[in-house]
Amino acid sequence: MKSLFTFAGIFAALLLADRASAQTGLPPLPQVPQSAPLKNQPNATHFWFIVAGDNRPSAKGFSQPPTPGQIFKDAQQFKPAFFLWCGDTIYGHTSNQQTLGAQYQDFFNIVPRAKAAVFNAPGNHEMDTVQTIGNEYIETPNAGLQAAYLKYMKFPPNAPTYGAFDYGNSRFIAVDTEEVAGTDSVRSPGKVVGKAGRTTTLDPGCVSKAQMDLLAQDLDANKTKAHIFIFMHHPIMPARADSGLNQADAAALQALFNKYPNVSYVIAAHEHLYFNATGTTLKPADRQDPSTGGPSYLVSGGAGAPLESCPGSAGANCGSFNHYLAFEVDGDTVKVQVVPVSSTTRTKARKK
């Protein structure tokens, strides 16, 4: 009888260990509500997916611009398996739940046009409020807005605001660059936007140690994937230095990604333009993974928010136009097309 109990104890311990192993790394990433279910093809080695970001309206109280709907429609030519979105799906910047709910629903109403699963990595407009200090406005990550994001995006209870999923021979990871910074966080100066007397200092973003640790575990557990794609909001390599992710976090992420030769692309938004950070032309070079040269870095923030001009320091690798990115995975090779879309600059105010 004693040996039976011993065996049962060993079996239980092994079962617990297996469960713990299964939970190592990032949690599953939920889809954006009202998007079509993901139909994973575990053996797929040839497929297309679409990346875009920054579709938020130009001001609070305005409806979605036409561009994201145009992207969903135009991208059907590639028959994409899914879409990755790099944040700022709403104008946000408010803790008013009625306003937030209406803004999220505006976005959800156009998501079915994608005819495929849509996954989002949150941006500063979803996660931050703006506080008035004297004559300045200060953007600040807000735990209440993070809770609202989890609620409206229908994440499971107690889930973090980031995660990952598999498709075919590849893995896709959403990093939340908008977390509330700890008191010991080393912070970069925030970008200042607006005009004299009415400036807003933007938060530089933050990736917590807890998220960084889970990300490292996840990358280590997926060394056999042909490709790993990272999507996020604040860029590690921006067109303008002051638009980038908090410098300490950016350096840590870049060092982490360089350890894994199957980390293929890191795509961000936040800047309302297109920037091929590791190239010299608008079109990214084709990749073959694994690669010892590190990942390719792209900024794609042209999904409908007011466009920004490229800085004078940028060259032929930067463009100010509405667009999306079409990725083709073909075995060990990845190719990217930068696809412009037409747009208008005005949106209508939402009816109260």
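Laboratory data are not the source of any read-out in this text; all were calculated from the coordinates shown. Keep in mind that what you see is a predicted model, and the values were worked out from it rather than measured. Every residue, glycine among them, receives a Cβ derived from its backbone with ideal geometry; neighbour counts consider all protein chains shown.
May I ask you to derive the FRET efficiency for residue 280 and residue 34 from their Cβ-Cβ distance with R0 = 41 Å, giving the value to the nearest 0.05? Taking R0 as 41 Å, the efficiency between residue 280 and residue 34 is 0.55.
The DSSP beta bridges internal to the chain are antiparallel in roughly 60% of cases.
For the range 60-208, DSSP calls about 65 percent of its internal beta bridges antiparallel. The trypsin sites (Lys or Arg not before Pro) of the range 257-347 that meet both conditions, a loop assignment by DSSP and at most 13 other Cβ atoms within 10 Å of the site Cβ, are 259, 346.
Secondary-structure-derived ellipticity at 222 nm for the chain, considering helices only, amounts to -7000 deg cm²/dmol, per-run term -39500 (n - 2.57) for DSSP H runs with n ≥ 4. With each label modelled as a point 7 angstrom along the Cα→C-beta vector, the residue 196-residue 79 pair spans 5.9 nm. Could you check the spin-label model distance between residue 184 and residue 46? Points 7 Å from the Cα along Cα→Cβ, value in nm. Between residue 184 and residue 46, the simple spin-label model gives 5.2 nm.
Translational diffusion of the chain was estimated from the Stokes-Einstein equation, with Rh taken as the Kirkwood radius over Cα pairs; at 20 °C and 1.002 mPa s the coefficient is 103 µm²/s.
Here the simple spin-label model places points 7 Å from the Cα toward Cβ, and for residue 242 and residue 220 these points are separated by 3.9 nm. The trypsin sites (Lys or Arg not before Pro) of the range 81-169 that meet both conditions, a loop assignment by DSSP and at most 13 other Cβ atoms within 10 Å of the site Cβ, are 154. When you restrict to C-alpha pairs under 8 Å that are six or more residues apart and normalise by the size of the chain, the relative contact order lands at 21 percent. Would you mind telling me which residue in 51, 334, 186 has the biggest mean-square fluctuation in a Gaussian network model of the chain, where springs connect alpha carbons within a distance under 10 angstrom? Among 51, 334, 186, the largest GNM mean-square fluctuation belongs to 186. Give me the angle, in degrees from 0 to 90, between the Cα long axis of helix 209-221 and the longest principal axis of the Cα atoms of the chain, rounded to the nearest 10. The two axes meet at around 60 degrees.
With respect to the chain, whose longest principal axis is taken over its alpha-carbon atoms, helix 247-257 is tilted by about 40°. Show log10 I(q)/I(0) for the range 178-246 at q = 0.20, 0.21, 0.28 Å⁻¹, two decimals, from a solvent-free Debye sum over equal Cα scatterers. Here log10 of I(q) over I(0) equals -0.94, -1.00, -1.25.
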